[in-house]
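Just below is one structure, and these are the notes that go with it.
The values are calculated or read from the model by the stated rules, or taken from the named source; none is laboratory data. Fair warning: this is a prediction, and the values are worked out from it, not measured in the lab. All Cβ positions, even for glycine, are placed from backbone atoms using ideal geometry, and neighbour counts span all protein chains on display.
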Amino acid sequence: MEKYTDTTFTKKASLHTLGCRLNSAETAQLTQGFAQRGYEIVPFGEPADVVVVNTCTVTDQADSTCRNLIRKAKKSAPEGRVAVVGCYAQMEPEAISQIEGVDLILGTNEKYKIFHYLDTEKELAIHTDLNKSFFGASTTPEDNHTRAFLKIQDGCNYICSFCIIPQARGRSRTIGTSEAVENAKKLVANGFKEIVLTGVNIGEYTNTSGESFEELVKRLLDINGLDRLRLSSVEPNTVTQKLLEILGDSSKAMDHFHLPLQSGSDEILKFMRRKYTGAEYKEKISMVKDYFPYCGIGADIITGFPGETDTHFEETMNLLRDLPITHFHPFPYSMRKNTLAAKMDCHVHPSFKKLRMQSLISLGKAKLDCFSEDQVGSISDVLFERKNKQGLWEGYTTNYVKVKVESKLDLKNTIQEVELSKFEEGSLFGNLI
């Protein structure tokens with residue numbers, strides 16, 4: 001894609017991402033496309049000629065947030081064109097079309113044709129064809145991130161009863177191993193110290209592509225100049241001992257994992273159509289800890305699933321108390337139309353969901369605080385990202401705990417050895433060595 005050389009008038013583009021890391025990688029790809037076409041990239045909320053809102057539809061709250069941001073986009077750029085793209089655009093294009101000021105609605109695949117549509121569509125246009133093509137994406141320098149997200153997979157073949165993502169993104173598909181490695185090398189050449197592998201269900205890479213996920217990870221770890229490799233969310237049933245062996249043999253592999261749990265009740269897991277029991281999940285966590293004894297482990301938890309009783313919820317709480325889960329990501333169940341769970345009986349009252357969410361949040365905070373405090377006195381490599389409003393540099397340890405450090409140096413996008421000195425008021429502090 002050629003860059004414009006005429007500098008007499010520069011168009012401006014603004015992009016905003018909702019939802020997951022996969023969305024972030026895809027927004028970065030669109031950002032690069034605008035930059036290569038001569039657009040100046042400006043922060044969301046500033047006047048722009050084109051505003052892109054890359055949407056999420058995983059919950060009804062996400063849908064509501066999307067609608068509010070669409071209105072904000074038009075208000076900030078009354079003369080600009082507003083493009084709403086992604087998962088919510090895929091699932092609810094007609095609802096979006098009723099929002100005043102929307103010019104272009106593009107689904108999860110069609111968003112990659114945004115430049116064609118911006119040139120050809122002059123009235124409100126909707127394009128939501130969902131095909132089997134794989135569109136790669138990765139963080140770019142224009143996106144101004146420190147960690148780079150590399151998309152290796154999209155879509156999902158699982159039919160979890162609560163989830164709308166297979167409808168929004170289609171069936172599982174992947175990038176080829178060699179192309180993924182080449183994309184990763186470009187990220188390293190662009191100065192990124194850490195790469196995060198992302199997708200909807202990256203553990204299904206082997207089944208979808210016919211190429212080994214473990215071999216892909218090994219080849220990425222062998223890239224000269226790459227300092228850190230991290231996995232995004234991986235379904236627990238797809239975590240293999242071979243994968244952990246490969247990761248465990250490399251100092252570049254981060255000791256941080258995210259294994260969605262959703263529920264600690266076997267009965268609820270069965271209704272959710274998950275592919276494991278509570279005991280099997282516990283075995284996978286134990287296997288991860290065998291290879292990475294000091295790792296951080298994140299988990300998604302859904303409460304208020306149809307039919308969830310107090311007993312079911314207590315089973316979840318008991319399992320979470322027992323397991324070394326350090327990063328909780330709790331969600332109240334959100335009914336998504338055309339999913340199996342939406343047709344179930346015994347939907348849980350919002351007041352019970354709220355109380356259970358409070359319990360999950362409280363337990364999650366306590367466990368993360370303990371995990372953070374236990375690291376005081378140790379030394380960790382920290383990748384620094386930004387300076388906060390208090391003038392302290394913030395970055396993340398290998399096991400994904402935020403650390404704050406005072407320094408007059410410019411630490412952005414540098415990896416520093418840090419002595420973790422104290423845990424105070426919910427924050428971990430350290431000193432450069």
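So the check is Cβ under 8 Å with 6+ separation or different chains; which pairs have a first residue in region 106-135 that's β-branched (Val, Ile, Thr) and a second one that's part of a loop (DSSP other than H, G, I, E, B)?
Final answer for the pair search is Thr108/Leu130; Thr108/Gly170; Thr128/Gly107.
I'm trying to understand the selection: among the residues of region 18-29, which are touching a strand residue (DSSP E or B) at 6+ places or on another chain (Cβ under 6 Å) and closer than 19 Å to Ile195 by Cα?
Arg21, Leu22, Asn23, Ser24, Ala25, Thr27
Step by step: first the residues of region 352-363, then only those that are in contact with a strand residue (DSSP E or B) (Cβ under 8 Å, 6 or more places away or on another chain) and touching a residue at least 40 places away in the same chain (Cβ under 8 Å), then the one that is farthest from Ser427 (Cα to Cα). Which residue is that?
Filtering region 352-363 down to residues in contact with a strand residue (DSSP E or B) (Cβ under 8 Å, 6 or more places away or on another chain) leaves 353-354, 356-357, 360-361, 363.
Keeping just the survivors that are touching a residue at least 40 places away in the same chain (Cβ under 8 Å) gives 353, 356-357, 360, 363.
Values: Lys353: 28, Arg356: 25, Met357: 23, Leu360: 20, Leu363: 17 Å.
Ranking the candidates gives Lys353 first.
Counting only residues that are of a type in the set (S, T, N, Q), touching a residue at least 60 places away in the same chain (Cβ under 8 Å) and surrounded by 22 or more Cβ atoms within 10 Å (Cβ to Cβ), how many does region 136-174 have? Don't jump to the end; show me each part of the working.
First pass over region 136-174, keeping only residues of a type in the set (S, T, N, Q): 138-140, 144, 146, 153, 157, 161, 167, 172, 174.
From what's left, touching a residue at least 60 places away in the same chain (Cβ under 8 Å): 138-140, 146, 161, 167.
Cutting the leftovers down to surrounded by 22 or more Cβ atoms within 10 Å (Cβ to Cβ) gives us 138-140.
Number of matching residues: 3.
Yes or no: region 19-26 includes at least one residue that is basic (Lys, Arg), within 28 Å of Thr174 (Cβ to Cβ) and within 23 Å of the chain's Cα centre (by Cα).
Yes, because at least one residue in region 19-26 is basic (Lys, Arg), within 28 Å of Thr174 (Cβ to Cβ) and within 23 Å of the chain's Cα centre (by Cα).
Can you go through Tyr294, Tyr333, Tyr281 and tell me which one is of a type in the set (Phe, Trp, Tyr) and in contact with a helix residue (DSSP H, G or I) (Cβ under 6 Å, 6 or more places away or on another chain)?
Values: Tyr294 fails: in contact with a helix residue (DSSP H, G or I) (Cβ under 6 Å, 6 or more places away or on another chain); Tyr333 fails: in contact with a helix residue (DSSP H, G or I) (Cβ under 6 Å, 6 or more places away or on another chain).
Exactly one residue qualifies, and that residue is Tyr281.
Could you look through region 415-426, keep only residues that are closer than 24 Å to His145 by Cα and free of Cβ contacts under 8 Å to residues at least 40 places away in the same chain, and pick out the one that is surrounded by the most Cβ atoms within 10 Å (Cβ to Cβ)?
Val418
For Thr27, indicate whether it is in contact with a Cys (Cβ under 6 Å, 6 or more places away or on another chain) and crowded, with 21+ Cβ neighbours inside 10 Å. I'd like the intermediate steps shown before the answer.
On the way: in contact with a Cys (Cβ under 6 Å, 6 or more places away or on another chain): no; crowded, with 21+ Cβ neighbours inside 10 Å: yes.
Answer is no for this residue.
Let me confirm something: among Thr238, Thr206, which residue is β-branched (Val, Ile, Thr) and without any contact (Cβ under 8 Å) to a residue 12 or more places away in the chain?
After applying the criteria, what remains is Thr206.
Looking at region 304-332, which of its residues are surrounded by 20 or more Cβ atoms within 10 Å (Cβ to Cβ) and among the polar types (S, T, N, Q)?
Thr316, Thr326, listed by residue number.
Determine which single condition Ala95 fails, assuming it passes every other condition in (1) modelled with pLDDT under 95; (2) farther than 30 Å from Thr10 by Cβ; (3) buried (at least 18 other Cβ atoms within 10 Å of the Cβ).
(3)
Test Ser362 against the stated conditions and say whether it is surrounded by 12 or more Cβ atoms within 10 Å (Cβ to Cβ) and among the hydroxyl-bearing types (Ser, Thr, Tyr). Let's see the steps before the verdict.
On the way: surrounded by 12 or more Cβ atoms within 10 Å (Cβ to Cβ): no; among the hydroxyl-bearing types (Ser, Thr, Tyr): yes.
Here the answer is no, as Ser362 does not meet what is asked.
Take Ser351 and tell me if it is of a type outside the set (D, E, K, R) and under 24 Å from Gly298 (Cα atoms).
For Ser351, the condition - of a type outside the set (D, E, K, R) and under 24 Å from Gly298 (Cα atoms) - is not met.
So how many residues does region 34-61 have that are buried (at least 17 other Cβ atoms within 10 Å of the Cβ), small (Gly, Ala, Ser) and out of contact with any Asp or Glu (no Cβ under 7 Å at 6 or more places or on another chain)?
Qualifying residue count, region 34-61: 1.
Taking His347 as the residue in question, decide whether it is in contact (Cβ under 8 Å) with a residue 40 or more places away in the chain and more than 21 Å from Pro236 (Cα to Cα).
For His347, the condition - in contact (Cβ under 8 Å) with a residue 40 or more places away in the chain and more than 21 Å from Pro236 (Cα to Cα) - is met.
Check whether at least one residue in region 261-273 is under 18 Å from the mean Cα position of the chain (by Cα) and among the aromatic types (Phe, Trp, Tyr), and report yes or no.
no
Quick check on my filter: what residues within region 363-415 are under 22 Å from Leu319 (Cα atoms) and of a type in the set (Gly, Ala, Ser)?
Passing the criteria: Gly364, Ala366, Ser372.
Do any strands (runs of 3 or more DSSP E) entirely within region 328-433 hold 3 or more residues that are modelled with pLDDT of 95 or more, in contact with an Asp or Glu (Cβ under 7 Å, 6 or more places away or on another chain) and in the same structural domain as Phe292 (by TED's automatic domain parsing), and if so, which?
Per the criteria, no element qualifies.
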